[in-house]
Amino acid sequence: MEIEYKAGSDYYTEKHRPQFHFSTLSGNLADPNGLIYYEDEYHLFHQKNGMWAHAISPDLVHWEHMDIALEHDELGQALSGSAVVDWNDSSGLFDGESGLVAIYTNTTGGEAQSIAYSNDNGRTWERYEGNPVIENPGIKDFRDPKVFWHEETEKWVMIVSTDKSVTFYNSDDLIDWEYQSQFGDGHGTHVAVWECPDLFRLPVDGDEDNQRWVMHVSVGDNEETNGSTAQYFVGEFDGTQFIHEQDPELVSITDAGQDFYAAQSFSGMQEEDGRRVWLGWMANWRYPYQSPTDPWMGSMSIPRELSLKESNDGHIQLMQQPIEELETLRETELSLDPFEVEGTYDVDFDGTNYEFRLKATWEDLEELGIRLRMGEEDEQTIVGVQPEEEKVFLDRSLAGLEQLTDRNGEPFTFGAKFEEAYEADQKEIEIHGFVDESSVEMFINDGETVFTNLIYTTPTNHGLQLYTKGGTAEIEEFTAYHLRSTWRQTPENSDIEYLVVNEEKVELQVGEEHVLTAYAKPDWVNEEQVDYEWSVENEEYLTLTEEQDGVRVVGEQPGSTEVMVKDVSSDVETRITVRVE
């Protein structure tokens, strides 16, 4: 299947379209697959209706869509899996040279594991004629193989999902596999199927002589967590068996938000620069393809660098931080001198695509928060800390979309508040945030707590405010950066690229009124210099009254027409369809 697109000025500008996150051109996006670094390229494959869609990047930030890598074949779908570089041609598929091998789940006759290989840096793929390489062992859930080379045993290792557990296999050649062991019983949460496992080694507190293995699994849709989630385990792995070294009943949740699933780490990067980097599907299995977006469904999180940190009580925790390559997207910077907040403080920074850093301290305080994407009628997303409650939180209950219909056809409360425990005696917090058109990702205290949440707020909402309740906070650092789109060239001289409006379609009754607003992009355009001009195509149906922040439209008689808004100086224009009944 070939991909065709043209990156013009309107490319990736649809309502809610992510500007610095990866999303597919059209259709459904799901689990990241086969993440690998090879020959100076990063490969991102992902699930798309049981196929492997494909994109390539030089920097993990800017992506180019490629043709579909693995379509359906006689063995059914190509479900999630991984990819490796067969450097020494252990498989015998590359005539003594190196090449890429993809390991995935096929579906005909029950889930089983198959492989495909590429001799041309992932551009084209050929299925192994002896597929599947591991037959289904007689169980329903047997999928999502993650494969890597284990140096100490000089074997390929596969960790594969087997219902509410994972199973290990070993191989010399990526073709013939032998069962080794199973892990899961009595460890962590078993409220739903375990999926998309990963296993990798990390130093503790940066000490290369003190390393642990991290096993990660996503946990499917369930009532206990009100949707899907993910968990991790820390321990030892000898190439055949994983030993969890912490309390078996401990449940270590990967992300305190609701929209981080199926995370996979990149193979090959560790040899190149020493980092372990992963990204996840920014969605939830309660509403995987129910978002109000078109023509695409789903996006990926920003890539994150992983590390381990040992706490004072000896607990080893997984840490996540944004990769440094994201800094190349910064276009402007606002840096404030230290100041106090008691009540509210409006930050002189507007935007819908940005990064910020906050460092704050306090003595006695009920709550400190940041209101993001603020707009009319109290729409906002809030991230903050409640010291007295010993909680850090992210609240999207007022972000705009309150409810959606889930995958079962039932109403689901999308607008909700997400909380995680926080040690109040610290009396300080650091928040590193990334805000995009339809998502917020918050990294608390160097990523010891992370919130990943989708938001579907009014596109023109761009306000930013700090606030406190029940006390004063010392803001020791506040810095914000507008971020460039990764999908289009940056306009020169702060030129207006396009206009967004609060509504793309409006339905009115005769006599009913509605306020329309517009916002110039990119975010660093000075709104005070934008001269908006509003007009209506057919004045019989509507009357317009311009106001300070937009235009008020009133339905006059039944019919359909368009309202136009443009910037007079640049002639950049957009249109809103209005139907009067």
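Brief remarks on what is shown
- Filter pass, G34 being farther than 19 Å from V157 by Cα and out of contact with any Asp or Glu (no Cβ under 7 Å at 6 or more places or on another chain): no
The rows are residues; the columns are (1) of a type in the set (A, V, I, L, M, F, W, C); (2) at pLDDT 95 or above; (3) surrounded by 14 or more Cβ atoms within 10 Å (Cβ to Cβ); (4) over 28 Å from the mean Cα position of the chain (by Cα).
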residue	(1), (2), (3), (4)
S80	no, yes, yes, no
N121	no, yes, yes, no
P137	no, yes, no, yes
K146	no, yes, yes, no
W156	yes, yes, yes, yes
I175	yes, yes, yes, yes
Q180	no, yes, yes, yes
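- Filter pass, T167 being under 24 Å from F266 (Cβ atoms), surrounded by fewer than 18 Cβ atoms within 10 Å (Cβ to Cβ) and among the polar types (S, T, N, Q): no
- Of the strands (runs of 3 or more DSSP E) lying entirely inside the range 197-270, those containing at least 3 residues that are over 26 Å from the mean Cα position of the chain (by Cα) are 207-222, 227-237, 242-244.
- Subset of the range 296-349 that is among the small types (G, A, S) and modelled with pLDDT of 95 or more - its residue that is surrounded by the most Cβ atoms within 10 Å (Cβ to Cβ): S301
- With respect to the stated conditions, Y287 is of a type in the set (S, T, Y), over 22 Å from G433 (Cα atoms) and open to solvent by less than 50 Å² (accessible area, probe 1.4 Å).
- Selected residue (criterion: farthest from N353 (Cα to Cα)) from residues of the range 288-331 that are in contact (Cβ under 8 Å) with a residue 24 or more places away in the chain and of a type in the set (G, A, S): S307
The values are calculated or read from the model by the stated rules, or taken from the named source; none is laboratory data. Just so it is clear, the model here is predicted, and its values are computed rather than measured. Cβ sites come from the backbone with ideal geometry, for glycine too, and all protein chains shown count toward neighbours. Each accessible area value is taken on the protein alone, full model and side chains, heavy atoms only, with ligands, DNA and RNA left out. Shrake-Rupley method; radii C 1.70, N 1.55, O 1.52, S 1.80 Å.
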